[in-house]
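Structure record follows, encoded as structure tokens.
The values are calculated or read from the model by the stated rules, or taken from the named source; none is laboratory data. What you see is a predicted model, and the numbers here were worked out from it, not measured in a lab. Reconstructed Cβ throughout: ideal geometry from the backbone, glycine too, with neighbour counts over all protein chains shown. Each accessible area value is taken on the protein alone, full model and side chains, heavy atoms only, with ligands, DNA and RNA left out. Shrake-Rupley method; radii C 1.70, N 1.55, O 1.52, S 1.80 Å.
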Amino acid sequence: MFHRCNMGFWAGFLLLGVVLAGPFYAVATTIKIAGSTTLLPILSEAAKQYRITHPDLRLTVSGGGSGMAVANIERGTIDIGMASRPLSAGEAERLGSSTDVIPVARDAVAIAVSKAVYESGVTQLSLAQIAAIYRGEIRNWRELGGLDATILVIDKEASRGTRHVFASVVLGNSRARAPGATIITGSNNEEQSVISRSDQAIGMLSNAWLNDRVRAIAVGEGDAALLPTLENVALGRYVIKRDLNILVPKGSGVEVKEFVDFLRSDQGQAIVEMVGFHSVR
Amino acid sequence: MILRWWLSTSALLSSLTIVLVFGFLLQSSWPLIQQQGITFIIGDEWYPFESLYGMLPALVGTVWAVALALLIALPCGVAAAILCAELLPAQLRGAMRFSMELMAGVPSVVYGLLGMWVLLPLLESQLDLLTGRTLLAAGLLLALMILPTIMVLSEDAIRAVSQSQREAAKNLGIGWDAMLWRVLLPQAWPGIRVATLLATGRAMGETVAVMLVVGSIDRIPDPFYNFLQPAQTLTSRIGREMAEASIGSLHWAALLFCGLLLAIIAIGLSLLIQRKVVAA
């Protein structure tokens, strides 16, 4: 019934299947990690180093946001969730008894602006001014002492941990609306690229994503305004700050527990500081 | 016997899939309809945390993005098809068709990245926009993505016009333009229409590429015809929010309702076009 070429095709197909599936059978345990893109660099680097001493363990680390981490821990589709915010009341009710929330790093949410904005003289804003921008009451940098340019206001997806922390400190409620927003972005990378390519943008970014084209401004009134430096975060002086947590279901396997211990060990916390966050110790 | 059995089972299964998909979408979005009626379709506020699920902003955004894409891709695609089918020598024609088929095979996320890194800066600098993430960007990108579909299918339709028709036209002594307008295009029209329908379907369902360039803000452009503003489409909303919605929640139901809306629009369109074909 089959032609020769068909036989060859099917044989090749089967062979390909075996080759592709092989590695998955050879490895016993996989730890699936997903969630906040803020924690992504920490967990990626930690997984990379952990693999050196545990070569037979598979660790997959992917983004998606804190809200996604909570939803997937609830569905049981991942082993460790990354959340860059505390659990909300509803989430704590659903997950609190079955999941441990373990802080692995501290971070500040920086108010980030485009380089051109910073250089035109807007180097600090009060919380009220930032709130006015996101409420749509201030729409031009001129009103804040900068150039005559419309403000490109970047908001983040409602489920993102960075937005929760920002909104609860600046707008007074973690789910507050931001009618002044121009566009909505998702991951830290996406937002960083928008700010760095614009000359008039403002956004909220984790400290570790700042660079020459994406500058943090000081937050506060007059001389009391502070930059989100690691020192200001450690001393609790910078107000838009948070713990970066991992979510671990109670009763997880020993492999997961050992990895969590590794994250909180000296070596793990050194990674935290290396990628630009503050240790929890 | 076996062949016949196989054919009818396959046909049955594929039509059953449509029913299943519809059933699933309806069942999953039912809690929302039960709780809020159906008026949220024309609501203009989408705030999941406040249980506001207005569909209008994303609906308007979807219609705009698809309309812009068709407005650009349809004339270009049909023109390219005419050129290819009637005017180009065989070798060039083969090269052009091959390039179009290649274009159709490029994954959509590649188009999205292309849009992000090439199209957005271009729009920003040329049109002096606050941000290039606009309905226009989505429309342009979608146009690029549906162009191969329109072009390849339209070319097939034009080439399928029988040689005797062309010869008859030539024997009547009418010029090439007249033949194009009076013979080729009317004869090929059903095929072009199908191409348009398929392209519309693809444009409506496209998610990743649109998500990267549309701005994703749930707000109707102001005024509503201003396609130089950021907006939201149904697919981009699903793409951005699906991961965070917990299964069974109202938010989840609302996102699946977005999918149901898309399916209803797609079916409505194809019914409309089918009825026209019958009428013709």
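Worth pointing out:
- Apportionment of accessible area to carbon and sulfur, chain B, percent (1.4 Å): 70
- Label-zone membership for the stretch A:36-56, site A:S265, 7 angstrom Cα→C-beta point, backbone N under 18 Å: A:42-56
- Within the shell of other residues whose beta carbon sits under 15 angstrom from the beta carbon of B:G112, the net charge comes to +1, with Lys and Arg scored +1 and Asp and Glu -1.
- Cα gyration tensor, the stretch B:204-279 - rounded (a/c under 1.5), prolate or oblate: oblate
- Rounded to 10°, Cα long-axis angle of helix A:254-264 versus longest principal axis of chain A: 30
- Difference of contour (0.36 nm per residue) and Cα-Cα distance, B:W176 to B:L269: 30.1 nm
- Area buried, chain A against chain B - accessible surface, total, 1.4 angstrom probe, square angstrom: 2200
- Label zone of A:E119 (point 7 Å out along Cα→Cβ, amide N under 13 Å): in the stretch A:212-241 this covers A:212-215.
- Chain B: relative contact order in percent, alpha carbon pairs under 8 Å with at least 6 residues between: 27
- Carbon/sulfur fraction of accessible area - chain A, other protein chains in place, 1.4 Å, %: 56
- Ranked by the mean number of other Cβ atoms within 10 Å per residue, highest first, peptides B:172-178, A:251-257, B:184-190, A:152-158 order as A:152-158, B:184-190, A:251-257, B:172-178.
- Relative to the Cα centre, the charge distribution of the stretch B:106-179, modelled as +1 at Lys and Arg Cβ and -1 at Asp and Glu Cβ, gives a dipole magnitude of about 140 debye.
- For the peptide A:174-186, the mean number of other protein chain Cβ atoms found within 10 angstrom of a residue's Cβ is 5.
- Count Lys and Arg as plus one, Asp and Glu as minus one, and take only other residues whose Cβ is under 15 Å from that of B:G259; the net charge is then 0.
- Relative contact order of the stretch A:108-234, pairs being alpha-carbon contacts under 8 Å that are 6 or more residues apart, as %: 41
- Counts of other chain beta carbons within 10 angstrom of each beta carbon in peptide B:110-119 average 1.
- Compared with the alpha-carbon gap, the fully stretched path from A:A128 to A:K250 is longer by 39.8 nm at 0.36 nm per residue.
- Straight-distance candidates among the aspartates and glutamates for linking to A:K257, with alpha-carbon spacing under 14 Å and chain neighbours fewer than 8 residues away dropped: A:D79, A:D100.
- Adding -39500 (n - 2.57) for every DSSP H run of four residues or longer, then dividing by how many residues chain A holds, sets the calculated 222 nm ellipticity at -11500 deg cm²/dmol.
- Inter-chain Cβ neighbour count for A:196-205, averaged per residue, equals 2 (cutoff 10 Å, partner chain atoms only).
- Across the cross-link table entries A:K48/A:K115; A:K32/A:K250; A:K32/A:K241; A:K48/A:K156, which are compared at the Cα atoms, the separations over 24 Å belong to A:K48/A:K115; A:K32/A:K241; A:K48/A:K156.
- Qualifying aspartates and glutamates (Cα of each under 19 Å from Cα of B:K170; at least 8 residues distant if same chain): B:E86
- In this structure the protein assembly as shown gives 48 Å² per residue of accessible area when probed at 1.4 Å with all protein chains present.
- The Cα center of the stretch B:80-95 and the Cα center of the stretch B:124-154 differ in position by 25 Å.
- Rounded FRET efficiency, nearest 0.05, which uses the C-beta distance separating A:I102 from B:T17 and R0 of 41 Å: 0.40
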